[in-house]
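Just below is one structure, and these are the notes that go with it.
Bear in mind that the values in this text are calculations on the coordinates, not laboratory data. Just so it is clear, the structure is predicted and the values come from calculations on it, not from any experiment. Quick reminder, even Gly has a Cβ in these numbers, built from the backbone with ideal geometry, and neighbours come from all protein chains shown.
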Amino acid sequence: MEEIVATGCWTSIQPREAAALPNVRHVVTNDKKDYLVPEVLGLPRETFDLEPMDRVPIPGLHRRTRAFIKVQDGCDNRCTFCVTTIARGEGRSRPLADVINDINAALAGDSKEIVLTGVHLGSWGQEMNFHLRDLVKAILRETDVRRLRLSSLEPWDLDADFFSLWMDARLMPHLHLPLQSGSESTLKRMARKTTPDSFRGLVKAARAAIPDIAITTDIIAGFPGETDDEFAETLDFVREMQFSGGHVFSYSPRPGTGAAKMKAQIKPEVRKRRNHILQEAIGESGKSYQEKFIGQTMSVLWESASEYGEYGWRMEGWTGNYLRVSAVAPSPRWNEVDEVTLPDSKSGVFFGTIVRLSE
């Protein structure tokens, strides 16, 4: 009889259900996946010379405008709405040298922008007495990256000094800082390690240090126990922060999480209504942010090119501060970074004019 080994996120969340599947003889959760062989054979980990399997980057195969480099996995936070800590296990950082190798491989594949990612990106290096700033400095120092972008960062992992990194113009002026709620009492039920006041101070410091920075966020609408007053606090705070964009999620219970067991679950129709109101608020502030750049000339990385009849090619891409731009060119400019004047925007897209081509 064939024996199946089940592993991955779902097995970490629902190990009993995974074990009950036909012919499944072993369930290896995500936090043990690097040691799958000794786990299955019932041998001590030290039996094997190789611990976590090394990844060998292959230069020249990326062929992507943006390369997403995963530098960290897992999460040690315990936000009550999140199933990630169950699915991905404890936080684990990749060695700096491995990250540098992956970035150099992506650059050899002609990627123009590197995006650092992780389940809890801001915790990179904590088990090695390093900080994310050390990784960013090393990348800027040891690679020829032209554009470096950071993905989502928890606000409690940053301080005002962190923003001095943006003195290097290769670091893109965009931060994604998940807020989740603008109500302090709701944040406590979420077990978030921040408050509206501390979040406000962080945003103020970022905007003071990085001109024209785009700050986007995540918000959860209808978290268990969210009263009308708490929702009003969140709405007021979102309007105050003037985010350049963001995602609003209607709360949905995840098996095994603390929030799923909470009383006072909000009715779906109330979650939906609150979601719509928050989306409108973020949409308004996003439009105001975009309007600041009408008439300016900015660098754009073209991520797509499509034929546009007698006009040539329709290009679409992004500025460093995450403004979406479209323009027409006589020849395809995919994966090039050009200077573009932004005369107007419609439905969140700037229709620009290329004024200088990259060499």
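Points to keep in mind about this one:
- Built amide H within the under 5 Å cut-off of Arg64, gap 5+: Ser111
- Two-decimal log10 I(q)/I(0) for region 181-290, as the Debye equation yields it once each C-alpha is a single scatterer, q = 0.11, 0.14, 0.22 Å⁻¹: -0.35, -0.56, -1.23
- A full extension of the chain between Ser304 and Val355 corresponds to an added length of 16.5 nm, given 0.36 nm per residue minus the alpha carbon distance.
- For the pair Asp110 and Ala208, label points projected 7 Å from Cα toward Cβ lie 4.5 nm apart.
- Pairs beyond 22 Å (Cα-Cα), from Lys112/Lys204; Lys188/Lys287; Lys70/Lys112; Lys70/Lys272; Lys267/Lys287; Lys188/Lys261: Lys112/Lys204; Lys188/Lys287; Lys70/Lys272; Lys267/Lys287
- Chain lengthening between Ser252 and Glu316 when straightened (0.36 nm per residue, less Cα-Cα): 19.6 nm
- Theoretical FRET efficiency, 1/(1+(r/R0)^6), r = Cβ-Cβ of Glu269 and Ser164, R0 30 Å, to 0.05: 0.05
- Two-site FRET efficiency, Trp334 against Met128, from Cβ-Cβ distance with R₀ of 35 Å, rounded to 0.05: 0.35
- Applying 1/(1 + (r/R0)^6) with r as the Cβ-Cβ distance of Glu280 and Ile4 and R0 = 45 angstrom yields a FRET efficiency of 0.40.
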